[in-house]
Amino acid sequence: CRSSRSHFGSRAEVPKQSCVSRERFVMSIQAHQEYIQTKINPILESLVTQVLLERPEEPIPFMIAWLSDQAKTTPGSERPGAGETLDSLRRQVAELKEKLGELQNNNPAEEAPQ
């Protein structure tokens, strides 16, 4: 830590304990800022974008519903198995689309009687 000037202009040494506390404080601020940048801002940006696109008459219930939907569909969310369920459903949809394509290719529509 650096020394600082007192009220009378002389240099006074900052106690060592203050330096450690200040460094911890700065590290804590940096950790909070990183958390906000990586975790909170992306969610808020998406939420605000949706609110501005849809312009609901009642924005608070809309935001609550939007956040709730995001919590249910976000892979890797805090709920156990949420990401696995979503991945499983996506695989099932892909398999069903593939089966549908096979069925459509194997059974072309019969010509209508004239």
*Whole-Hz Karplus ³J(HN,Hα) for the stretch 49-56, in order, using 6.51 cos²θ - 1.76 cosθ + 1.60 and θ = phi - 60°, x for Gly and Pro?*
4, 5, 4, 5, 5, 8, 6, x
*asked:* Using each residue's phi in the stretch 21-28, evaluate 6.51 cos²θ - 1.76 cosθ + 1.60 at θ = phi - 60° and report the 3J(HN,Hα) Karplus result to the nearest Hz, with x for Gly and Pro.
replied: 5, 5, 4, 4, 4, 5, 5, 5
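Bear in mind that the values in this text are calculations on the coordinates, not laboratory data. None of the values given here were measured: they were computed from a predicted structure.
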